[in-house]
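Participant: Mind looking over this structure? Questions follow.
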């Protein structure tokens, strides 16, 4: 029987990264916990538990605080904050693809979209996504659920749990469209999962039976079963070789094997080996050859020495000496380095795998760099840190006289080099660049060749309570404190930002001139105006300079984050103040006032304000005129509100225009009643409008000539 394995299958990069993170935590921390099972595979979780990683469902289960690894499926931000507040040191093992969905759901909700999530409601990944979204997200997992919805929004932003199939998501998208929704489908599926599903589908078409290796609790493993079954081939899910049943394979010529993203390699190989005698024979042969080669290696090396005898020796010859009186064994031993613990040596990488990196340092045996001693910087795969054949500096951690147990550390060697580099930057006042690894109590851990601390007060120009969005970012920082004896480095990103801001401010002021038009970004709104960042300094657009029309609040014209062009009106260099105008970069409606509103013509407008002496009517943006109380009606009027209301559309006649004072005198009574519009008053807040001051454009003189 032929056993064919799908390629790829087994550990995905996200799971591998989470497990490597656990190994690193075990090498550094006293107590290590994982928030729930680190991955959905019982054997992997059990192996990690034996190594010292204890899964907890709730923070209260931990008797003492320690390192807390966030599982690959992720958790919500409130959970992370609670853990940090309790004193846990966070190791974030969330799959990068899952993080993408978390951020996307959050951004879509903030943009006002109706977000639908395809997935299993109780799955940890889905619960984490909902927590990060921070708002209402509809979770659906079948076409039937879509059909049973009481109503569907006109627009739907559709995202999905990373492990579902593309066909499943497309079917739900089609069902939503049938309900009348305009669906925008976002690509959130895990590439590794999709790739494994495609490989399993292709293999299922070629074999008589499919075996899927993985946990019954794993969503992506169950999807593989569904994919294979959809091809019409008998498919069985096993968690180990012990679950295989002989009758499944009876009379079959070929069997395909695939595995979930959290299935360990040794279990996959065990399943394949159990099904194929030929496979087991090949494995035994390979092991035998490897053993023979390892036994012959020292002898081969010895005979390659210049002074060694190339002919067979009798037992009596084994203690033969050279002309110097030294035995061959002594010379052989001298051909190797003499190593001591703490020594820094250079070697060549000869093997790279997840269990450790082998390095040839010209000693009796190759040295091993354990995963925890490879790098201070988290990594998903050791190939991200070193490559085969690369020369590396390492510190000797442990060595014995026989050369059977040589433990090395690249991490410690890198630290020593980093200290020298950091001291040079500190003495010269030069900034350094580093990647933010994690959020800890009081600040951030930043990798600058070694783990350095950045207090929360030194992160940004303003204090931020939530620093989680900095994780993964590369920041430029100044070293404000360094103590090699205590292995302590304190960084400040704020110092760099302040210096950059000061340089930009100086450059900006050097080129600023009154009358210039500059591009900027609205940073803050107040009742009296809007502040605009010109790229180094902020200026104020007073509320009166925002628009040619009356503005009750700046938010009627601009919003924080808007990109705008503004005119520099006044500069106070001594006080560092910049007065800006927004309306000045737009056409002035008064330049063609007489052409657009000739005296004697009738126009339609809207009542915007009512005072004791008359009513103000808006004719166009930036153009308001006053209908004096005496011009409201042919009869005596005690108060303008007897005739007009705020928001009412009226026809008015232009009586007079004063361009210098920007005033227009209007009349309602001189317009025939039959010409007045019958439209109801527009919605306005009467008390607010009544309290508002009249615009300077319209004028406030009671006496109208």
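The values are calculated or read from the model by the stated rules, or taken from the named source; none is laboratory data. On a predicted model such as this, the values are computed, not experimentally measured, just so you know. Reconstructed Cβ throughout: ideal geometry from the backbone, glycine too, with neighbour counts over all protein chains shown.
Participant: Determine if region 122-129 includes at least one residue that is in a strand (DSSP E or B), over 23 Å from the mean Cα position of the chain (by Cα) and surrounded by fewer than 14 Cβ atoms within 10 Å (Cβ to Cβ).
Facilitator: Taking every residue of region 122-129 in turn, none turns out to be in a strand (DSSP E or B), over 23 Å from the mean Cα position of the chain (by Cα) and surrounded by fewer than 14 Cβ atoms within 10 Å (Cβ to Cβ).
Participant: When you go through (1) within 30 Å of residue 663 (Cβ to Cβ); (2) surrounded by 13 or more Cβ atoms within 10 Å (Cβ to Cβ) one by one for residue 577, which number turns out not to apply?
Facilitator: Failed condition: (1).
Participant: Find the residue count for region 67-85, including only residues that are touching a strand residue (DSSP E or B) at 6+ places or on another chain (Cβ under 9 Å) and modelled with pLDDT under 90.
Facilitator: 1
Participant: Looking only at region 1-18, which residues are at pLDDT 85 or above and either under 26 Å from the mean Cα position of the chain (by Cα) or surrounded by fewer than 20 Cβ atoms within 10 Å (Cβ to Cβ) (or both)?
Facilitator: Those that are at pLDDT 85 or above and either under 26 Å from the mean Cα position of the chain (by Cα) or surrounded by fewer than 20 Cβ atoms within 10 Å (Cβ to Cβ) (or both): 2, 3, 4, 7.
Participant: Here's something else I'd like to know. Within region 346-356, can one find any residue that is crowded, with 20+ Cβ neighbours inside 10 Å and not in a strand (DSSP E or B)?
Facilitator: no
Participant: Yes or no: residue 631 over 60 Å from the mean Cα position of the chain (by Cα) and surrounded by 20 or more Cβ atoms within 10 Å (Cβ to Cβ)?
Facilitator: When the stated conditions are applied, residue 631 passes them.
Participant: Among the numbered criteria (1) free of Cβ contacts under 8 Å to residues at least 40 places away in the same chain; (2) within 39 Å of the chain's Cα centre (by Cα), which one does residue 248 miss?
Facilitator: (2)
Participant: To continue, here is another question. Kindly state which strands (runs of 3 or more DSSP E) lie completely within region 453-562 and contain at least 2 residues that are in contact with a helix residue (DSSP H, G or I) (Cβ under 9 Å, 6 or more places away or on another chain) and within 30 Å of residue 588 (Cβ to Cβ).
Facilitator: 517-526, 529-533
Participant: Further question: Between 198, 157, 175, which is in contact with a helix residue (DSSP H, G or I) (Cβ under 7 Å, 6 or more places away or on another chain) and part of a helix (DSSP H, G or I)?
Facilitator: 175
Participant: Would you confirm, using the coordinates I've provided, whether residue 434 is out of contact with any strand residue (DSSP E or B) (no Cβ under 7 Å at 6 or more places or on another chain), surrounded by 16 or more Cβ atoms within 10 Å (Cβ to Cβ) and either under 21 Å from residue 369 (Cα atoms) or at pLDDT 90 or above (or both)?
Facilitator: No; evaluated as a whole, the condition is false for this residue.
Participant: Okay, next question. Quick one: residue 618 ticks every box in (1) in contact with a strand residue (DSSP E or B) (Cβ under 6 Å, 6 or more places away or on another chain); (2) buried (at least 20 other Cβ atoms within 10 Å of the Cβ); (3) under 21 Å from residue 549 (Cβ atoms) bar one, so which box is it?
Facilitator: (2)
Participant: So, one more: One residue is enough: does region 104-119 have a residue meeting the conditions closer than 25 Å to residue 175 by Cα, touching a helix residue (DSSP H, G or I) at 6+ places or on another chain (Cβ under 6 Å), surrounded by fewer than 20 Cβ atoms within 10 Å (Cβ to Cβ) and not assigned by TED's automatic domain parsing to the domain that holds residue 56?
Facilitator: Within region 104-119, one or more residues are closer than 25 Å to residue 175 by Cα, touching a helix residue (DSSP H, G or I) at 6+ places or on another chain (Cβ under 6 Å), surrounded by fewer than 20 Cβ atoms within 10 Å (Cβ to Cβ) and not assigned by TED's automatic domain parsing to the domain that holds residue 56.
Participant: Which of the residues that make up region 581-608 are within 30 Å of residue 505 (Cβ to Cβ) and in contact (Cβ under 8 Å) with a residue 60 or more places away in the chain?
Facilitator: 585
Participant: Please state which one of 498, 483, 506, 511 is under 30 Å from the mean Cα position of the chain (by Cα), more than 15 Å from residue 563 (Cα to Cα) and loosely packed, with under 14 Cβ neighbours inside 10 Å.
Facilitator: Step by step, each of 498, 483, 506, 511 is checked, and only 498 is under 30 Å from the mean Cα position of the chain (by Cα), more than 15 Å from residue 563 (Cα to Cα) and loosely packed, with under 14 Cβ neighbours inside 10 Å.
Participant: Same structure, new question: Looking for whichever is out of contact with any strand residue (DSSP E or B) (no Cβ under 9 Å at 6 or more places or on another chain) and farther than 21 Å from residue 353 by Cβ here; the options are 43, 60. Which one fits?
Facilitator: Within the list 43, 60, the selection yields 60.
Participant: A follow-up question, please. With respect to the numbered conditions (1) at pLDDT 90 or above; (2) under 30 Å from the mean Cα position of the chain (by Cα), which one is the sole condition not fulfilled by residue 396?
Facilitator: Among (1) at pLDDT 90 or above; (2) under 30 Å from the mean Cα position of the chain (by Cα), residue 396 violates only (2).
Participant: With farther than 26 Å from residue 95 by Cβ, touching a strand residue (DSSP E or B) at 6+ places or on another chain (Cβ under 8 Å) and surrounded by fewer than 17 Cβ atoms within 10 Å (Cβ to Cβ) as the only criterion, which of 182, 247, 243 stands out?
Facilitator: Of 182, 247, 243, the one residue that is farther than 26 Å from residue 95 by Cβ, touching a strand residue (DSSP E or B) at 6+ places or on another chain (Cβ under 8 Å) and surrounded by fewer than 17 Cβ atoms within 10 Å (Cβ to Cβ) is 182.
Participant: Can you find, within region 82-103, the residue that is nearest to residue 13 (Cα to Cα) among those that are touching a helix residue (DSSP H, G or I) at 6+ places or on another chain (Cβ under 9 Å) and assigned to a loop (DSSP other than H, G, I, E, B)?
Facilitator: 95
Participant: Hey, can you tell me all the residues within region 203-231 that are without any contact (Cβ under 8 Å) to a residue 24 or more places away in the chain and surrounded by fewer than 17 Cβ atoms within 10 Å (Cβ to Cβ)?
Facilitator: Those that are without any contact (Cβ under 8 Å) to a residue 24 or more places away in the chain and surrounded by fewer than 17 Cβ atoms within 10 Å (Cβ to Cβ): 216, 229.
Participant: Let me ask something else. Only one of 472, 449, 429 is touching a strand residue (DSSP E or B) at 6+ places or on another chain (Cβ under 9 Å), farther than 18 Å from residue 498 by Cβ and loosely packed, with under 14 Cβ neighbours inside 10 Å. Can you tell me which?
Facilitator: 472 is the lone residue from the list that is touching a strand residue (DSSP E or B) at 6+ places or on another chain (Cβ under 9 Å), farther than 18 Å from residue 498 by Cβ and loosely packed, with under 14 Cβ neighbours inside 10 Å.
Participant: Further question on the same structure: Take region 162-199 and flag every residue that is under 25 Å from residue 13 (Cα atoms) and modelled with pLDDT of 95 or more.
Facilitator: If the condition is that a residue be under 25 Å from residue 13 (Cα atoms) and modelled with pLDDT of 95 or more, then no residue fits.
Participant: Among 408, 444, which is the only one that is assigned to a strand (DSSP E or B), in the same structural domain as residue 382 (by TED's automatic domain parsing) and in contact (Cβ under 8 Å) with a residue 12 or more places away in the chain?
Facilitator: Only one candidate qualifies: 408.
Participant: For region 634-663: of the residues being in contact (Cβ under 8 Å) with a residue 60 or more places away in the chain and over 54 Å from the mean Cα position of the chain (by Cα), which is surrounded by the fewest Cβ atoms within 10 Å (Cβ to Cβ)?
Facilitator: Among those residues, the one meeting the criterion is 659.
Participant: Also: So how many residues does region 94-110 have that are touching a residue at least 40 places away in the same chain (Cβ under 8 Å) and over 15 Å from residue 190 (Cβ atoms)?
Facilitator: Of the residues in that region, 2 qualify.
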